[in-house]
Amino acid sequence: MLEIRNLSYEVPSEDGRLGILRDVSLTVPQGKFVVVTGPNGGGKTTLARAIMGLVKPTAGRILWRGQDVTDLSVTERAKVGISYAFQQPPRFKGLKIGDLLELAAGNQLSHDQQCQYLTKVGLCANDYIDREMDASLSGGEVKRVEIATVLARKAPLMIFDEPEAGIDLWSFSQLTRTFRALHEEGDATLIVISHQERIIDLADEIVLVSKGQVTAQGPKADILPQLMADTVAGCSYMREGGN
């Protein structure tokens, strides 16, 4: 189980301190599929990065499986089973994709195993295993390779930051099937940051983050109708000439 207790994160601003996260408390039970959604700039990515240790909160605690990981490094958190797929993944010139998958898995992988991970994210393995993770790949290709490395790691907590970004429609369909299969296996807790209805519809629970706070949380059956109603209301407002 993941527990976030009264988490806050502030950065310097012209007026003093700007609160990016404000007293966020959240519990994600083991094996659940949780989608975090909300308006741009609301704090979703910062929350995910705080869980992974990429930013250090100014207050609050983060517990994973009962262990306080708040002060652990990214490497230490990875060792206790937390993984993260960036919204904009890094590139590694000189490192082949097949080797990157093996590094993520922590052991050698057969050609068939490498193919399985790449196929799950909509890539033809024979075209990518020996390619380098460099500037020759498009943003969408890099994104899909990184998601494949998270799958290869088989961490008990997987965090995906807008996995649909830069991915074509066919690969997006493949990705949703992969998320569904991962959840049905029940071995991992999934936290996905997304605005996509097709991904949100896969969730057990939805967390709405806005202005650095959790403004709604609950089962999909309760929260999704609220989100859809708010979306329709916003569209109606725009049609009437609102800003």
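Readers should treat all values here as calculations from the given coordinates under stated rules, not as data from a laboratory. Owing to the predicted nature of the structure, the values given are computational and were not obtained by experimental measurement. Here the Cβ is made from the backbone with ideal geometry for all residues, glycine too, and neighbour counts use every protein chain on show.
Contact order, relative form, for region 16-106: 17 percent (alpha carbon pairs under 8 Å, 6 or more residues apart, mean separation divided by residue count). If you wrap the Cα atoms of region 167-234 in a convex hull and average its projected area over all directions, you get 5.6 nm². Placing unit charges on the Cβ atoms only, positive for Lys and Arg and negative for Asp and Glu, gives the chain a dipole magnitude near 300 debye about its Cα centre. Once you've got the GNM for the chain with C-alpha springs shorter than 10 Å, pick whichever of 226, 217, 88 has the biggest mean-square fluctuation. Maximum fluctuation in the GNM of the chain, among the listed residues, is at 226. With the convex hull of its Cα atoms as the shape, region 7-72 has an orientation-averaged projected area of 5.1 nm².
Extent of region 107-149 along its three principal axes (Cα atoms, max minus min coordinate, largest first): 26, 18, 17 Å.
Only counting other Cβ atoms within 10 Å, I'd like 124, 115 sorted with the fewest neighbours first. Show your work: numbers first, answer last.
On the way: 124 10, 115 18.
Fewest-to-most Cβ neighbours within 10 Å comes out as 124, 115.
What separates the Cα centres of region 80-94 and region 127-146 is a distance of 12 Å.
Within the set 120/211; 93/120; 56/120; 96/220; 96/211; 93/211, which residue pairs have Cα atoms separated by over 30 Å?
Distance filter (> 30 Å) returns 120/211; 56/120; 96/220; 96/211; 93/211.
Kirkwood's formula applied to the C-alpha pairs of region 4-143 gives a hydrodynamic radius of 17.5 angstrom.
With K and R counted +1 and D and E -1, the other residues having a Cβ less than 12 Å from that of residue 210 yield a net charge of +2. As a proxy for reagent exposure, ranking 95, 137 by other Cβ atoms within 10 Å from fewest up yields 95, 137.
Rounded to the nearest 5, what is the percent of antiparallel bridges among the DSSP beta bridges in region 111-243? Antiparallel: roughly 55 percent of the beta bridges in region 111-243. Charged side chains reduced to their Cβ positions (Lys and Arg at +1, Asp and Glu at -1) give region 143-190 a dipole of some 140 debye around its Cα centre. Shown here are the Rg and Dmax of the Cα trace of the chain, at 18.5, 59 Å.
Using C-alpha pairs under 8 Å with a sequence gap of at least 6, the mean separation divided by the residue count of the chain gives a relative contact order of 26 percent. Ordering 149, 119 from the fewest to the most neighbouring beta carbons within 10 Å gives 119, 149. For region 1-86, the set of GluC sites (Glu not before Pro) satisfying both a DSSP loop assignment and a count of at most 15 other C-beta atoms within 10 Å is given as 14.
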